[in-house]
Amino acid sequence: MDSRLIQMCIEAAAESSDAVEAWRRQRRTLERMPSLLAEALLHRLLHRGLLFPSLLEVFRHSVEKMDLRGQNCVDAEWMAYLGSFHYLSSLNLADCYKISGAALWSIIGITNLKELDLSRCSKMNDAGIRHLSSFPSLERLCISETGVSSEGIRLLSSLTNLYYLDLGGLAVSDLALSSLQGLKKLQFLDLWGSEISNSGAALLQYFPKLSSLNLAWTKVTKLPNLSSLEFLNLSNCTITSIFKGEGDKARLAKLVASNATFADVSGALSNVEIAFLSHLDLSNALIDSFCFLPHLTSVTYLDLGGSPMADDSVENIVCIGAKLTYLSLNNTKVSSEGMEILAGHLPNLETLLLSGTYIDDAAISYIGMMPSLKAINLSGTKIKGLIMQEGSDSSWVPTFSALQNLSQLERLELEGMQLKDAALYPFSILNSLTYLSLQSVILTDESLLLLSASQKLEHLAIRDAVLTNAGLNSFTPPPNLRVLDVRGGWLLTEDAIVLFSRKYPNIKLRHELAVSDRGGDFRYSSPAAQKTVSLKNARKFSVSPPVFDKSALLARDQRIKYTREELLELQFSVAPARFFPR
Amino acid sequence: MAEPSQSKIKKEEMVKLISAEGFEFVISKKAAMVSQTIRNMLTSPGSFAETEHGEVTFPEISTTILEKICQYFYWSLQYASGKETEFHIEPELTLELMMAANYLHT
């Protein structure tokens, strides 16, 4: 919806409940409205808190896709109205916790429904699945983390048009899986956290089109040969063999095995057709050796974060370095010596993550030899940004100047490090830098002064630093700056924060005392509810002003702030506003 | 001698948009070209009658809406030249206007 006039119309139509009243009786217009426009208007109304069940009805002839994800207000009444949306093909009800199995009965008349997302609707149960069996046209179904049992899953066998099935977090047994063998069109299957064992995994061969499979957090150790598979997730599994068996080998493109345990990684991967493997995630995996790496000639994305990788195995990465664009070695034992081995062998690397490694300032000059780098993370390392120059007049020299040849460097993360102001001098010559995140308790106002020269910066974080009001006040932000994050700046006062926000309204200032970071996200549908909450706040603080509980204030879940009695009171003060007929 | 050629230039610069009820709006070609649909009609070689006469009929768009659309064309030109004023849309027109905008690719 790139048209400006359409955007302006939608804004005007969803401006207030009075605006809604002005058009809601134009039934004939609403009926012939193109679905894309109707959907854009409906979702705008939803986010403005102006949509309620009886208004839904005006869209029933025009809307084909509806996304009600995370809308706490969606309940059985909404479902009753949705039942008359005969053209609806896609309905997303993820995280609508009021939706129960019985509520699905209302929508069984929508014969066009192809996609249904009920993820994390905890009241959704086997009875609901029974209603679902009247949707033979259903192609995509997500019921992860619901109350559906193995019995309910067996009922899905009648939905033979399914190509996408998400059963994550459900107790799917081998028996339940075997009853789904008739779903021959299945391409995507998510079974994380299920009770599938090796004998269940053997049944996966009966899905001839399966291309994406998630078996994370299961007891599966051996996978049969699944020749159509392209994406495989075996995170948190103990893996002994993948794709052992007869027939064509799978052209696996992506393998995720983070936190997995390999007794013999070369053996486990020996049946995988590695020529197509481009994405390999082995973060935090227990791996006996890295000798298999040189064979992975097509890999461009390699995550070895938290694995036993160390300087003596870095040589294995060098062999496949020419193709790599993403490399994570976070929290490994790799040191500057390892970086010396890698330097010059990673010509196409765009992202390099080295947080929590053993590297020091010596590594920076090696990183400077990787010409395509766009993003670097060096957080939590021993890098100081300054080294003592050897020679007659010993002086401190900033080491980050070694990055000056990285003409594409956009993102730099340097958190949890002992960086001094003087280390920041070279940043002004990094011409493409748009995102810089610093966290150091010894940075001062001078850092702000230095960084105002980085003209391209859009996001700047200087956290936990010794910034003063005067420093913030005299800071001239770079022209494109959108976010300034000074959280943990314990010397700053509310006045200075407010002053800065007023002076630069386009910049989002993040600080514990900034308004946007304080209020939390109110997601109440009616203005009446908001009013009640703010009154509550006022009362609470006036009762105990000296104890200003910051953690409660910052808590995302507003319910934590109230006792059970207060919540009940709130509930009844809100309810009439919502059910009042408009 | 100079007069007919001058009026010819003038005629070329203006276009006539006709609403469902037959009301005619004569606006500058530059303004009308804010709409991608009208631009295509007026600039595509030959085939469209609209190209020759500089006249476009919209049997689906009512007079009220077409008037608003023309206002928007001029507002849009102003906006593009840096004059940032507000374009007010009456809520009762939003639906029809949205659909017309969708059809006109503006």
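For A:Q205, the criteria (1) in contact with a strand residue (DSSP E or B) (Cβ under 7 Å, 6 or more places away or on another chain); (2) part of a loop (DSSP other than H, G, I, E, B) hold in every case but one, which is (2).
Selection of strands (runs of 3 or more DSSP E) fully inside segment A:296-415 by the criterion of at least 2 residues being over 28 Å from the mean Cα position of the chain (by Cα) returns A:386-388, A:396-398.
Residues in segment A:425-443 that are closer than 16 Å to A:P398 by Cβ and outside any loop (DSSP other than H, G, I, E, B): A:Y425, A:P426, A:F427, A:S428, A:I429, A:L436, A:L438.
Within segment A:479-491, the set of residues being touching a helix residue (DSSP H, G or I) at 6+ places or on another chain (Cβ under 8 Å) and farther than 16 Å from A:L438 by Cα comprises A:L491 only.
Residues in segment A:53-67: is at least one buried (at least 20 other Cβ atoms within 10 Å of the Cβ) and under 29 Å from the mean Cα position of the chain (by Cα)?
Here is the first cut: in segment A:53-67, the ones buried (at least 20 other Cβ atoms within 10 Å of the Cβ) are A:56, A:58-59, A:62-63, A:66.
Narrowing the set further to residues that are under 29 Å from the mean Cα position of the chain (by Cα) leaves A:63, A:66.
Taking every residue of segment A:53-67 in turn, at least one turns out to be buried (at least 20 other Cβ atoms within 10 Å of the Cβ) and under 29 Å from the mean Cα position of the chain (by Cα).
Can you tell me which residues in segment A:353-399 are on the phi > 0 side of the Ramachandran plot and in contact (Cβ under 8 Å) with a residue 12 or more places away in the chain? Passing the criteria: A:G356, A:G380, A:G385. How many residues does segment B:37-78 hold that are on the phi < 0 side of the Ramachandran plot, modelled with pLDDT under 90 and of a type outside the set (V, I, T)? Result for segment B:37-78: 13.
Within segment B:57-92, which residues are closer than 16 Å to A:W23 by Cα and in contact with a helix residue (DSSP H, G or I) (Cβ under 6 Å, 6 or more places away or on another chain)? Selection gives B:I65, B:I89, B:P91, B:E92.
Look at segment B:53-106 and say how many of its residues are among the polar types (S, T, N, Q), open to solvent by less than 50 Å² (accessible area, probe 1.4 Å) and within 13 Å of chain A (Cβ to nearest Cβ). Going through segment B:53-106 one residue at a time, the tally reaches 4.
Checked against the criterion of being more than 7 Å from chain B (Cβ to nearest Cβ), open to solvent by less than 10 Å² (accessible area, probe 1.4 Å) and in contact with a helix residue (DSSP H, G or I) (Cβ under 8 Å, 6 or more places away or on another chain), the candidates A:L5, A:L37, A:L42 yield just one match: A:L42.
Listed by position, the helices (runs of 4 or more DSSP H) enclosed by segment A:68-161 that each have at least 2 residues that are of a type in the set (D, E, K, R) are A:126-132, A:150-154.
If I filter segment A:109-121 for residues that are among the acidic types (D, E), modelled with pLDDT of 95 or more and buried (at least 18 other Cβ atoms within 10 Å of the Cβ), do I get at least one hit?
The first filter runs over segment A:109-121 and keeps only residues among the acidic types (D, E), leaving A:115, A:117.
Add one more test, that the residue is modelled with pLDDT of 95 or more, and what stays is A:115, A:117.
Checking which are buried (at least 18 other Cβ atoms within 10 Å of the Cβ) leaves us with A:117.
The answer is yes, given that some residue of segment A:109-121 is among the acidic types (D, E), modelled with pLDDT of 95 or more and buried (at least 18 other Cβ atoms within 10 Å of the Cβ).
Every test in (1) under 32 Å from the mean Cα position of the chain (by Cα); (2) part of a helix (DSSP H, G or I); (3) hydrophobic (A, V, I, L, M, F, W, C) is passed by A:L50 save one, and that test is (2). All told, B:M41 falls short of being within 11 Å of chain A (Cβ to nearest Cβ) and outside any loop (DSSP other than H, G, I, E, B). The residue list A:A171, A:A202 contains one member that is more than 25 Å from A:A285 (Cβ to Cβ), hydrophobic (A, V, I, L, M, F, W, C) and either open to solvent by 10 Å² or more (accessible area, probe 1.4 Å) or in contact with a helix residue (DSSP H, G or I) (Cβ under 9 Å, 6 or more places away or on another chain) (or both), which is A:A171. Residues of segment A:225-255 that are open to solvent by less than 20 Å² (accessible area, probe 1.4 Å) and part of a strand (DSSP E or B): A:L232, A:I239, A:S241, A:I242, A:F243, A:L255. Within segment A:16-31, the set of residues being free of Cβ contacts under 8 Å to residues at least 12 places away in the same chain and either among the basic types (K, R) or within 7 Å of chain B (Cβ to nearest Cβ) (or both) comprises A:A19, A:A22, A:W23, A:R25, A:Q26, A:R28, A:T29.
The values are calculated or read from the model by the stated rules, or taken from the named source; none is laboratory data. Just so we're clear, the structure is a prediction, and the values are computed from it rather than from any experiment. For neighbour counting, all protein chains shown are included, and Cβ atoms are generated from backbone atoms with ideal geometry for every residue, glycine included. Calculation scope for accessible area: heavy atoms of the full protein, side chains included, ligands and nucleic acids excluded. Shrake-Rupley method; radii C 1.70, N 1.55, O 1.52, S 1.80 Å.
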